[in-house]
Amino acid sequence: MHRRYRFLACALATSLLACQPPAPANTTTPTAAAASTPSAPTTDPSLAFREQADRWLDESLARHPARGVELGLHAYDGKLPDASPDALAAEAKALHDARARFEAIDPSTLDAIARVERGTLLQSIRGELFELERRRQPWTNPMDYLGALDLTPYISRDYAPIDARAAAVIAIADGTAAYLAQAQANLEAALPRTFVDTALLQVRGTIAFVATDVPAALQGLTPERGQALTTALAGMTTALKAYEQFLVGRLAAATDDYALGPERFAEMLRETQGFDVSLERLEQLGRADLERNLAALREAAARIEPKRSVAQVIARIDRKRPTPSTVLAVATAQADAMRRFVQEHAIVTIPSDDVAIVKDSPPFMRWNAAFLSGAGVFETAALPSFYYISPPDPSWPKAQQRAYVPTEPDLQFITIHEVWPGHFLHGLHMKANPSRVLRSHWNYAMGEGWAHYTEEMMWQAGVSDDPVVHVGQLRHALLRDVRYLSALGLHTGGMTVAQSIAMFRAQAFQDPANARQQANRGTFDPMYLSYTLGKLAILKLRDDVEAKWKAQGKPFTLQAFHDALLGFGAAPLPVIRQALLGDDAGPVL
């Protein structure tokens, strides 16, 4: 699964370049390929802005080095953040200062792409402030600390010699005890129960990962380095176990107080995504999309088996699955077919010859049945991206192993979402983007909205006419619709976790275990409504861009629209909307 957080890139030695995607033929719409390399003196407002952006990105990654590592900026390898009270206070001040500086820049003095970059930076800064000061993540969410301890980037790709990667692992491991001591000092006595439960699952998985997978992946070190690694990992395991016991101790006082409430939920949408939409409007849109997809599912099911219920038709479809030994071949064929379809039907430009390699996920990454693991957009080496398919545990009963493998329709839309033309293709466009700001920021509603939008878009473009395949697409849509409505209900409408579970069971046709996991996720990840939220915003943007271009006598094609959209990387959708439609952009939803 694609990592879905706001990423900030460091300022590299060269000056920030502007960028623009291929524009629709004969249009003058400003898009991310329009600006050329700045050549004006430093008094030029756009160049002065970019110099400020460079400095800010440097500061940001110094505070959150794991973000840089994930982007492929390995100057940040082996570093942990400072989570002390003084450091958190300094971060809040730096964010407020940066917000004031960038807000003080008159966007009308900037070139077209610098305006988008400014909007993107400001949205990211506002989102960081919301998470820090309004959601108070360092004090309320024990999961907030575990991402910085992720050792996966150091062992999943050979971006550097093994000794250098091991040295980074050792540095992280050696700093873990002090870092988690800061976490324990910060976290409040009464934490939301689902936060603690999920953090316990994560920390226990990390303990097993550190004890087994990391040393197995870093074999062949010099004796001295190997011994240093063994010692450091043992210390890291001890620190993680201490954190585990700390969390167990927090269970007695854990609460069900996870809801943001209507005011903070609306604020979250404004500050993190730029969506200023009433909760009533949001619920109306979500329920309409749910009903639309349920009606389409009933119609597709009737085409398959008119005398059976939808649930019975789904159960019939679920009985036919690839075997564990054939699923990789099925996924490979699907990925190849989707890439050809994108090219042959002019869906969107593919900016490079790179492909995602389909393979079994390594043991330490088997948290999901199928997902993308993309190389960082700033990697300088030619590193592979992987579309991982997780095999079932061979120790499971045979029936459980077969049930774990996705059906072909399910896998087809996972492939569309994760690879062609979803996250992987989006990543290719980001990697090709000369703008350092746009290359380095990932907005939730744009990133997941694009990937989810492509599922329905590909069906409508004619990827199949088989109702069984349509059921696969609709089940993905319904899952995201119920996430959307659960986020609203759990945080603004008094919905309980049990009621959310029931909705996932009844309207998204999830099994009991996945329904519980999905409902629990909604308590600590309320922005998981972004899949449907972003999809709906992109659909409206597409309609509005088409209407504007046609009114101006300009040709509209899917490829022209998609290229323009992805040319802005994963900038916030309201910022992209303003860039494509101008002052008369209108509401995002």
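All of the numbers you see were taken from the coordinates with simple rules; none came from a lab. Bear in mind that the values here come from a model prediction, so they are computed numbers and not experimental data. Virtual Cβ from ideal backbone geometry, glycine too; neighbours counted across all protein chains shown.
Summary table below
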{"read-out": "Sites Lys93 and Ala302 - FRET efficiency at Förster radius 41 Å, r taken between beta-carbons, to 0.05", "value": "0.10"}
{"read-out": "Burial ordering of Val69, Val358, fewest other beta-carbon atoms within 10 Å first", "value": "Val358, Val69"}
{"read-out": "Phi-based couplings in Hz for region 64-80 (Karplus 6.51, -1.76, 1.60; Gly and Pro marked x)", "value": "10, x, 4, 5, x, 4, 5, 6, x, 9, 8, 5, 9, 4, x, 10, 10"}
{"read-out": "Which of Ser464, Ser530 has the fewest Cβ neighbours within 10 Å, and the rest in rising order", "value": "Ser464, Ser530"}
{"read-out": "Long-range HN-HN contacts of Trp442 with modeled amide H, under 5 Å", "value": "Phe7"}
{"read-out": "Local electrostatic count at Gln517 - Lys and Arg +1, Asp and Glu -1, tallied over other residues with Cβ under 13 Å", "value": "+1"}
{"read-out": "Residue-averaged [θ]222 nm for the chain, counting only DSSP H segments that reach four residues, each worth -39500 (n - 2.57)", "value": "-19000 deg cm²/dmol"}
{"read-out": "Top positive-direction residue, dipole computed over region 144-250 with Cβ charges, set Pro153, Ala183, Ala168", "value": "Ala183"}
{"read-out": "Surrounding net charge for Ala315, when Lys and Arg each add one and Asp and Glu each subtract one, Cβ distance under 13 Å", "value": "+3"}
{"read-out": "Distant-in-sequence amide H partners of Ala370 (H built 1.01 Å from N, under 5 Å)", "value": "Ser390"}
{"read-out": "In nm, spacing of pseudo-spin labels at Ala181 and Asp163 (7 Å Cα→C-beta vector)", "value": "3.2"}
{"read-out": "Region 370-386 versus region 510-575: alpha-carbon centroid distance in Å", "value": "23"}
{"read-out": "Dipole axis of region 44-146 (+1 Lys, Arg; -1 Asp, Glu on Cβ), positive-most option in Ala66, Ala48, Ser84", "value": "Ser84"}
{"read-out": "Among Phe275, Ile501, Phe102 - extreme Cα towards positive end, dipole of the chain, charges at beta-carbon", "value": "Ile501"}
{"read-out": "Net charge dipole size for region 269-355 [Lys, Arg +1 and Asp, Glu -1 on Cβ; Debye, nearest 20]", "value": "700"}
{"read-out": "Stretchable slack from Ile350 to Glu224, in nm (0.36 nm times residue separation minus alpha-carbon distance)", "value": "40.8 nm"}
{"read-out": "Projected label distance in nm at Lys241 and Thr255, using a 7 Å step from Cα toward the beta-carbon", "value": "3.3"}
{"read-out": "Ranked His64, His441, criterion: other C-beta atoms within 10 Å, fewest first", "value": "His64, His441"}
{"read-out": "In nm, spacing of pseudo-spin labels at Leu279 and Ser325 (7 Å Cα→C-beta vector)", "value": "5.5"}
{"read-out": "Shape call, the chain: gyration tensor on alpha carbons, a/c limit 1.5", "value": "rounded"}
{"read-out": "Rounded if a/c under 1.5, otherwise prolate or oblate - region 451-589, Cα gyration tensor axes", "value": "oblate"}
{"read-out": "Environment charge of Tyr179, counting only residues whose C-beta is closer than 14 Å and scoring Lys/Arg +1, Asp/Glu -1", "value": "-2"}
{"read-out": "Gyration tensor verdict on region 144-250 (Cα atoms; rounded if a/c is under 1.5, prolate if a/b is larger than b/c, oblate otherwise)", "value": "prolate"}
{"read-out": "Only Lys, Arg (+1) and Asp, Glu (-1) charged, at Cβ; the chain dipole about Cα centre in debye", "value": "1240"}
{"read-out": "Spatial separation of Cα centroids for region 97-141 and region 291-366, in angstrom", "value": "38"}
{"read-out": "Amide H partners (placed H, <5 Å) of Val358, local residues excluded", "value": "Tyr387"}
{"read-out": "Relative contact order [Cα under 8 Å, 6+ residues apart], region 268-391, whole percent", "value": "17"}
{"read-out": "Dipole in debye (nearest 20) - region 144-250, about Cα centre, beta carbon charges: Lys, Arg +1; Asp, Glu -1", "value": "140"}
{"read-out": "For region 144-250: relative contact order, % (alpha-carbon pairs under 8 angstrom, 6 or more apart)", "value": "43"}
{"read-out": "Under Karplus coefficients 6.51, -1.76 and 1.60, residue-wise ³J(HN,Hα) of region 374-391 in Hz, glycine/proline x", "value": "x, 5, x, 5, 9, 4, 8, 7, 7, 9, x, 9, 10, 9, 8, 10, 8, x"}
